[in-house]
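Structure first, commentary second.
The values are calculated or read from the model by the stated rules, or taken from the named source; none is laboratory data. This is a predicted model, so every value here is computed, not measured. No Cβ is skipped: glycine too gets one built from the backbone with ideal geometry, and neighbour counts run over all protein chains shown.
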Protein chains: 2
Amino acid sequence: MPVDQIANLAQKAKLASNKLASFKDDLKSKALTEYAREIERNKEKILVANQKDIENAKAQSISKALLDRLKLDESKLNSVMTGIDQIAKMPDPIGKIELARELDHGLELFRITCPIGLIGVVFESRPDALPQIASLCLKSGNGIILKGGSEAEHSNKILFDCLIKACTKTGIPTDAFALLSSRSEFSELLKAEQYVDLIIPRGSNELVRSIQASTNIKVLGHADGVCHIYIDSSADWDKVAPIVIDAKIQYPAACNAVETILIHESIAPQMVIGLCHALKLRNVEIKCDKRTKTFLPTEFDAQITDAWHTEYGDLTVAVKIVKDIEEAIEHINKFGSGHTECMIGEDKDAFEKFFTEINSAGIYLNASTRFADGYRYGFGAEVGISTSNMHPRGPVGIEGLVTYKYKLVGNGQIVSDYVGKDARKFIHRDLH
Amino acid sequence: MPVDQIANLAQKAKLASNKLASFKDDLKSKALTEYAREIERNKEKILVANQKDIENAKAQSISKALLDRLKLDESKLNSVMTGIDQIAKMPDPIGKIELARELDHGLELFRITCPIGLIGVVFESRPDALPQIASLCLKSGNGIILKGGSEAEHSNKILFDCLIKACTKTGIPTDAFALLSSRSEFSELLKAEQYVDLIIPRGSNELVRSIQASTNIKVLGHADGVCHIYIDSSADWDKVAPIVIDAKIQYPAACNAVETILIHESIAPQMVIGLCHALKLRNVEIKCDKRTKTFLPTEFDAQITDAWHTEYGDLTVAVKIVKDIEEAIEHINKFGSGHTECMIGEDKDAFEKFFTEINSAGIYLNASTRFADGYRYGFGAEVGISTSNMHPRGPVGIEGLVTYKYKLVGNGQIVSDYVGKDARKFIHRDLH
């Protein structure tokens with residue numbers, strides 16, 4: 001598509017999105033169920049298209065990790081269909097009354113959930129992200145303009161076609177959905193702030209950062225995931241190694257993997273030695289402060305660092321000794337990215353302090369930071385994790401794709417009657 | 001203060017804000033009550049300081065409207081104190097559990113409200129805005145850096161000193177609060193995105209726009225208030241003139257005043273004549289589309305316009321005839337600012353369509369757009385009105401000054417146990 005057409009496309013999608021807001025939940029759920037069936041019916045075609053993408057990718061000698069993400073198989077498609085069916089069955093996120101208040105007799109105020117509008121999504125490699133994100137947007141009544149990785153072009157195209165067919169069959173206007181095919185098209189979309197309400201980038205930190213820098217539209221996501229584990233003096237030693245190892249090695253590239261371990265000085269000597277041994281055994285490289293280094297045998301060869309705001313994303317972890325919980329909190333607030341932090345300890349008061357004074361989306365006690373995920377939180381699915389201070393924050397599921405409007409229903413009320421002397425008084429009575 | 005000190009000031013305030021998050025509601029409420037008493041005790045001093053500001057302003061031949069806003073008197077100060085006492089009595093907005101879910105036995109997830117952090121507020125002329133905003137921030141556990149209008153310098157200083165005295169007496173750290181005195185200091189604060197979580201500008205659209213353009217920090221507010229009234233064919237004629245007149249003339253400079261009237265063509269001839277007469281009688285100037293003009297007697301001298309995205313802010317209103325409710329909705333979505341729109345009509349289905357398909361913070365049936373206000377909504381007070389699509393939206397009271405964190409409490413759980421074969425299954429049971 002010529003890039004000068006993108007603003008038109010976005011305008012049309014935005015207009016159609018406004019209509020989408022009025023579709024009832026049963027119709028949206030029907031379209032989703034239909035979408036899953038459409039994928040089922042086209043399974044063979046999808047796998048053939050995916051095979052083509054795989055071969056092209058191989059010809060460009062793409063990394064094994066990328067190939068794994070790119071590859072679709074029967075089992076991945078089954079998960080996709082199960083996921084869509086689950087989203088279809090979720091309660092309607094739209095039209096929920098969050099506040100109902102009588103301002104005066106015959107003057108009633110409601111705050112009601114509604115779709116955000118039109119959402120631009122860019123995602124890398126994984127074609128199974130497309131049906132997941134599209135389903136969440138459809139269920140929440142949002143229009144969506146998608147841009148997948150060019151390496152998954154054929155897979156994405158057919159997965160998108162299935163969506164369009166399902167909507168057409170169900171009578172949902174398809175102008176609210178579009179699939180872009182080039183980066184330059186998406187760059188143009190980032191300028192269409194009149195029509196696009198939210199951008200969701202799913203991919204590397206570099207992708208998120210470059211998008212944040214190039215648009216005035218609100219971007220949902222996180223550019224960093226510098227997660228911490230603080231081991232308090234009250235820690236149950238049996239819990240330490242399993243949690244730290246899970247948080248570091250279960251999926252080191254994930255944004256919720258741990259990057260820095262802070263150890264209370266009162267337990268430092270033995271804890272440093274024990275924990276670092278356990279990590280070394282699992283090939284985790286250790287960077288540390290000077291003091292930690294003094295506790296480690298020379299053969300450890302741990303590198304001294306002071307680059308505490310580093311997301312390693314691999315089998316590397318930073319270790320630092322802190323004087324007390326105060327220093328741990330200050331360190332995290334200073335060097336963290338607002339993602340997820342864990343305290344290992346049995347002192348509940350210390351944890352309350354840790355929870356209250358740290359400014360991050362997730363604050364854990366005795367659990368791996370890797371739990372920070374929409375599926376694990378029971379949201380069914382997630383569009384991403386937000387490290388913003390404001391809503392939506394943390395793992396963002398379908399609830400993060402809705403906003404609200406105020407509805408005021410009167411029968412001719414005017415403000416003049418409520419000012420000056422003999423003014424009418426507001427009642428402000430909540431309706432239940 | 002030298003501008004190179006501002007980042008330090010913000011850092012210090014941010015650190016103190018983290019502590020503020022842990023103060024219990026009774027202490028914050030006590031500090032607020034103390035604040036009101038401190039203002040009471042210093043009433044004379046405040047009025048003397050305000051008199052100085054008034055005299056300086058007069059010497060600079062400032063407009064009457066500005067002088068009115070600048071002037072404090074016994075009655076305004078009484079309202080300020082009543083307002084603070086009301087905020088003190090409001091339920092604690094912090095620590096509310098919005099979600100409680102058992103992910104697995106012994107692994108519990110909570111979503112809990114918490115302060116946003118450090119808020120920068122810039123406001124113009126009205127010194128009574130200072131105690132109102134500061135009280136909302138204190139009650140919600142947020143630190144605040146204020147910058148008032150230079151014309152209110154003496155009044156602001158003493159109102160701020162009263163806050164500091166009240167906090168000191170109550171034992172609340174005062175590093176979380178600061179008052180800036182120059183524009184260049186505030187410009188510097190806009191760069192401190194590491195420490196400042198939210199900027200709230202209270203003032204003209206120009207102020208809001210210039211701040212939005214010069215910071216990466218989230219700005220809460222609205223740059224425009226282009227509100228509409230659509231008169232449906234089902235309108236009860238007796239309701240039309242009172243609502244339109246109230247929405248236009250009760251306070252024309254307000255952002256929730258109406259700027260454009262859309263009239264359904266089936267009732268246009270008489271409605272246009274009747275309504276425009278009523279407006280003219282109240283000295284409201286009319287701008288209109290060509291078709292409306294044809295219905296108006298020549299002595300009306302209405303100017304033809306097509307600048308539909310105009311916030312007049314004075315006794316001027318635009319009038320346009322629309323074919324149907326569809327055209328009204330499209331017009332509002334295209335030219336509106338997402339603030340507040342009203343439909344006058346008795347057809348409930350038409351209103352549902354109007355409500356659902358328009359993307360604005362407030363959608364009203366048969367009530368003046370001037371109701372869009374935190375006090376009228378029963379929020380006690382407001383820090384501003386947000387025309388953002390996302391939270392917080394519309395009039396923003398104390399609830400808009402809180403965000404949330406996820407708390408996960410476990411006893412050693414790791415993610416590895418929940419993946420692969422023989423994986424543990426999540427329970428995802430909501431706790432009530």
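Collect the residues in the range A:162-189 that are closer than 21 Å to A:Lys43 by Cβ, of a type in the set (Ser, Thr, Tyr) and in contact (Cβ under 8 Å) with a residue 24 or more places away in the chain, keeping them in residue-number order. Steps first, answer last, please.
Initially, the range A:162-189 is screened for residues closer than 21 Å to A:Lys43 by Cβ, giving A:162-170, A:179.
Cutting the leftovers down to of a type in the set (Ser, Thr, Tyr) gives us A:168, A:170.
The answer is A:Thr170, and nothing else.
Could you list, in sequence order, the residues of the range A:407-430 that are assigned to a loop (DSSP other than H, G, I, E, B) and either facing another protein chain (nearest Cβ under 7 Å) or charged (D, E, K, R) (or both)?
First pass over the range A:407-430, keeping only residues assigned to a loop (DSSP other than H, G, I, E, B): A:414, A:419-428.
Once the filter is applied, which keeps residues that are assigned to a loop (DSSP other than H, G, I, E, B) and either facing another protein chain (nearest Cβ under 7 Å) or charged (D, E, K, R) (or both), the range A:407-430 yields A:Ile414, A:Lys421, A:Asp422, A:Arg424, A:Lys425, A:Phe426, A:His428.
I'd like the full set of residues that are of a type in the set (A, V, I, L, M) and either at positive phi or over 23 Å from the mean Cα position of the chain (by Cα) (or both), limited to the range B:22-35.
B:Leu27, B:Ala31
Would you please name the residue that is farthest from B:Arg393 (Cα to Cα), looking only at residues in the range B:335-345 that are in contact with a helix residue (DSSP H, G or I) (Cβ under 9 Å, 6 or more places away or on another chain) and not hydrophobic (A, V, I, L, M, F, W, C)?
Selected residue: B:Gly345.
Condition (residue is in the same structural domain as A:Pro269 (by TED's automatic domain parsing) and in contact with a Pro (Cβ under 7 Å, 6 or more places away or on another chain)) applied to the range A:320-340: is it met by at least one residue?
no
Only one of (1) in a helix (DSSP H, G or I); (2) more than 7 Å from every other protein chain (Cβ to nearest Cβ) fails for B:Pro395. Which number is that?
Looking at each condition in turn, B:Pro395 falls short on (1).
Mind listing whichever residues of the range A:188-202 are surrounded by fewer than 18 Cβ atoms within 10 Å (Cβ to Cβ) and of a type outside the set (D, E, K, R)?
The answer is A:Gln194, and nothing else.
Filter the range A:359-370 down to residues that are at pLDDT 95 or above and within 29 Å of B:Tyr195 (Cβ to Cβ) and give me whichever is farthest from the other protein chains (Cβ to nearest Cβ). Before the answer, list the steps.
Of the range A:359-370, the ones at pLDDT 95 or above are A:360-370.
Those still in the list that are within 29 Å of B:Tyr195 (Cβ to Cβ) too: A:360-365, A:369.
On the way: A:Ser360: 7, A:Ala361: 6, A:Gly362: 4, A:Ile363: 6, A:Tyr364: 4, A:Leu365: 5, A:Thr369: 9 Å.
That would be A:Thr369.
Which of the numbered conditions does A:Ile97 fail, given that it passes all the others? Conditions: (1) of a type outside the set (Ser, Thr, Tyr); (2) free of Cβ contacts under 8 Å to residues at least 24 places away in the same chain; (3) closer than 14 Å to A:Ala178 by Cα.
Tallying (1) of a type outside the set (Ser, Thr, Tyr); (2) free of Cβ contacts under 8 Å to residues at least 24 places away in the same chain; (3) closer than 14 Å to A:Ala178 by Cα, A:Ile97 fails exactly one: (3).
Starting from the range B:292-317, take each residue that is free of Cβ contacts under 8 Å to residues at least 12 places away in the same chain and list its partners that are not in a loop (DSSP other than H, G, I, E, B), counting only C-beta distances under 7 angstrom and pairs at least six apart or across chains.
B:Lys293/B:Ile304
When you go through A:Leu118, A:Leu99 one by one, which is the residue that is within 14 Å of chain B (Cβ to nearest Cβ), over 17 Å from the mean Cα position of the chain (by Cα), crowded, with 23+ Cβ neighbours inside 10 Å and among the hydrophobic types (A, V, I, L, M, F, W, C)?
Among A:Leu118, A:Leu99, only A:Leu118 is within 14 Å of chain B (Cβ to nearest Cβ), over 17 Å from the mean Cα position of the chain (by Cα), crowded, with 23+ Cβ neighbours inside 10 Å and among the hydrophobic types (A, V, I, L, M, F, W, C).
Go through the residues of the range B:371-382 one by one and say whether even a single one is more than 27 Å from B:Asp92 (Cβ to Cβ) and either surrounded by fewer than 24 Cβ atoms within 10 Å (Cβ to Cβ) or over 24 Å from the mean Cα position of the chain (by Cα) (or both).
Scanning the range B:371-382 turns up no residue that is more than 27 Å from B:Asp92 (Cβ to Cβ) and either surrounded by fewer than 24 Cβ atoms within 10 Å (Cβ to Cβ) or over 24 Å from the mean Cα position of the chain (by Cα) (or both).
Please pick out the residue among A:Ile133, A:Ile144, A:Ile172 that is touching a helix residue (DSSP H, G or I) at 6+ places or on another chain (Cβ under 9 Å), hydrophobic (A, V, I, L, M, F, W, C), surrounded by 20 or more Cβ atoms within 10 Å (Cβ to Cβ) and modelled with pLDDT under 95.
Just one listed residue meets the conditions, A:Ile172.
Check every one of the helices (runs of 4 or more DSSP H) wholly within the range B:1-101 and list those with 2 or more residues that are in contact with a His (Cβ under 7 Å, 6 or more places away or on another chain) and at pLDDT 95 or above.
Per the criteria, B:43-59.
Looking at B:Thr356, B:Thr305 in this structure, which one is among the β-branched types (Val, Ile, Thr) and facing chain A (nearest Cβ under 10 Å)?
Going through B:Thr356, B:Thr305 in turn, the sole match is B:Thr356.
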